[in-house]
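Asker: Below is a structure I'd like to ask you about.
Please treat every number below as a calculation from the coordinates, not as lab data. Fair warning: this is a prediction, and the values are worked out from it, not measured in the lab. Glycine gets a Cβ as well: all are built from the backbone with ideal geometry, and neighbour counts include every protein chain shown.
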Ligand SMILES: NC(=O)c1ccc[n+]([C@@H]2O[C@H](COP(=O)([O-])OP(=O)(O)OC[C@H]3O[C@@H](n4cnc5c(N)ncnc54)[C@H](O)[C@@H]3O)[C@@H](O)[C@H]2O)c1
């Protein structure tokens, strides 16, 4: 078993990586700068919501398999492998902000005292592995004191642990046989399906694809995956736009498309577009990398433009329902996290929609199952609640923005009877349309003729 440090260990990727590796039997030190998150984690609580995380964390804390600290040098001194999982947000020009990765690397340069494998989990543009290597090489010798490996993360927030224990693939990018051997040893229990605590998602009968490649290909594979997912979303939003014009039903079109085994159903739901912490930022970073390498990414520019348009499509529907002036119009937004099943509101398009409506003087209320605290922290003036009934009462427009399962179960009969029933905009096609019809409520489904 390996002694492993996870830097950025209290973030979405860091906590899943730390808990996952500890559950495989490795001794993990999770290091982060966020004191509040660290204190919670020591207590078995996570600020990051991941289904099934806390019971496993509790057990790992109990048996001393994982610990939490803010001391990077102590972490590095006691680790044979250090995973970097710090954030790489977008800069204003779309390039990835590598300042956290660089700060960690500068620390490592002074802290590494024995051969250590540095594993970059953060999503970083091609060339970053060389940047980290160059920083470490200022004091240390590559291959003797360290090797740097790209091991991109493909987890989906909300099902991060499933994706750790039953990953679609593990990709390791390195030209060092010593580092490759170390990574194989680290992932060996996962490939064999063995853990030191009970984990429900392990399926030892399934072979997990394990791909060894060079660092450039590994880094680019991550960007390619996110660019592809973003493309699917922009693609289906384009089809939804055409469908509305020609009188189609996007729900049926999506079903028909998804049944084609060459296409499949994933990431084909129309909606307000892709937001969140990854797809938009990674697509922008890929476009930057292409530009820096004298390549014009015509298609990806189109995907991004199509996505920006989609927010205006939803705004136009709201204005058509109660505009042209939105001043003091009561508008309810359902689903504030960037998607269902997470409390992550970073770059959520629902929050962008809230700001647009607020700036036009609308009185906006919002509902979310998991992210109410996070929204209050981000937008203290946004009136938000976990009580959907309170939100729907006396709203003039209701906009469903993510596929939170409980929205499908809303019984609209109570809202259709009131003096002024709301106009409902279903951007994801998830509401109970029969109930809306029976309640006499006017509604609009994105991508379907109303
Ligand atoms: N969130 C996702 O769904 C997801 C999926 C795949 C890949 N990624 C990538 O993984 C990386 C991390 O993303 P995230 O969503 O987990 O971010 P996050 O913001 O949730 O976590 C980053 C953590 O790093 C910590 N940190 C920052 N600087 C530090 C430093 N110098 N030392 C120690 N800790 C430090 C922060 O306090 C924070 O807890 C990004 O590159 C992202 O693109 C994210």
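Asker: Tell me whether segment 50-127 comes out rounded, prolate or oblate; compute the Cα gyration tensor, take square roots of the eigenvalues as a ≥ b ≥ c, and use a/c under 1.5 as the rounded threshold.
Answerer: Cα axes put segment 50-127 in the oblate bin.
Asker: Here is a follow-up. Whole percent per 10 Å bin, from 0 to the bin with the longest distance: what is P(r) over all C-alpha pairs of segment 367-450?
Answerer: 17, 49, 28, 6
Asker: Follow-up. Could you check which residue among 212, 255, 383 shows the biggest mean-square fluctuation in a GNM of the chain with a 10 Å Cα cutoff?
Answerer: 255
Asker: Determine, from the Cβ-Cβ distance of residue 92 and residue 39 and an R0 of 41 Å, the FRET efficiency 1/(1 + (r/R0)^6), rounded to the nearest 0.05.
Answerer: That gives a FRET efficiency of 0.80.
Asker: Next up: I need the Kirkwood Rh of segment 3-212: take the reciprocal of the average 1/r across all distinct C-alpha pairs and report it in angstrom.
Answerer: Value: 17.1 Å, from the Cα pair sum.
Asker: Compute a Gaussian network model of the chain, connecting alpha carbons closer than 10 Å, and tell me which residue from 329, 222, 339 fluctuates the most.
Answerer: Greatest mean-square fluctuation among the candidates belongs to 329.
Asker: Considering only C-alpha atoms, what is the centroid distance from segment 271-286 to segment 307-344, in Å?
Answerer: What the calculation gives is 18 Å, centre to centre.
Asker: Going by how many other Cβ atoms sit within 10 Å of their own, how do 26, 433 line up, fewest first?
Answerer: 433, 26
Asker: Rounded, prolate or oblate: which fits segment 203-264 when a ≥ b ≥ c are the square roots of the eigenvalues of the alpha-carbon gyration tensor, with rounded for a/c under 1.5 and prolate only if a/b beats b/c?
Answerer: oblate
Asker: Can you give me the convex hull volume of the Cα atoms of segment 164-224, divided per residue and expressed in Å³?
Answerer: 83
Asker: Measure nothing fancy, just the Cα-based angle from helix 99-111's long axis to the longest principal axis of the chain, in degrees from 0 to 90, nearest 10.
Answerer: Helix 99-111 and the main axis of the chain meet at about 20 degrees.
Asker: Using Cα pairs under 8 angstrom and six or more residues apart, how large is the relative contact order of the chain, in percent?
Answerer: Relative contact order for the chain comes out at 12 percent.
Asker: How would you rank 327, 12, 115, going from fewest to most other Cβ atoms within 10 Å of each one's own Cβ?
Answerer: Ranked by crowding around the Cβ, least crowded first: 327, 115, 12.
Asker: Give me the angle, in degrees from 0 to 90, between the Cα long axis of helix 177-192 and the longest principal axis of the Cα atoms of the chain, rounded to the nearest 10.
Answerer: 60
Asker: Of 349, 136, 91, which has the largest mean-square fluctuation in a 10 Å C-alpha GNM of the chain?
Answerer: The residue that fluctuates most here is 91.
Asker: Roughly how tilted is helix 12-23, in degrees to the nearest 10 and between 0 and 90, from the longest Cα axis of the chain?
Answerer: Between the helix axis and the principal axis of the chain, the angle is about 50 degrees.
Asker: I would also like to ask the following. Return, for the Cα atoms of the chain, the radius of gyration and Dmax in Å, separated by a comma.
Answerer: 23.5, 76
Asker: Still on this model: Taking the Cα atoms of segment 214-450 alone, what are Rg (to one decimal) and Dmax (as a whole number) in Å?
Answerer: In order Rg, Dmax, the Cα atoms of segment 214-450 give 18.4, 65 Å.
Asker: Work out how much length residue 299 to residue 246 would gain on full extension: take 0.36 nm times their residue separation and subtract the Cα-Cα distance, in nm to one decimal.
Answerer: Gain on stretching residue 299 to residue 246: 16.6 nm.
Asker: Output the Kirkwood hydrodynamic radius of segment 305-361, Cα pairs only, in Å rounded to one decimal.
Answerer: For segment 305-361, the Kirkwood estimate is 12.2 Å.
Asker: OK, next. Provide 40, 299 in ascending order of the number of other Cβ atoms located within 10 Å of each residue's Cβ, fewest first.
Answerer: Ranking 40, 299 by Cβ neighbours within 10 Å, fewest first, gives 299, 40.
Asker: Let me see the pair-distance distribution of segment 235-326: every alpha carbon pair, 10 Å bin width, integer percents in order.
Answerer: Percent of pairs per bin, in order: 14, 35, 34, 15, 2.
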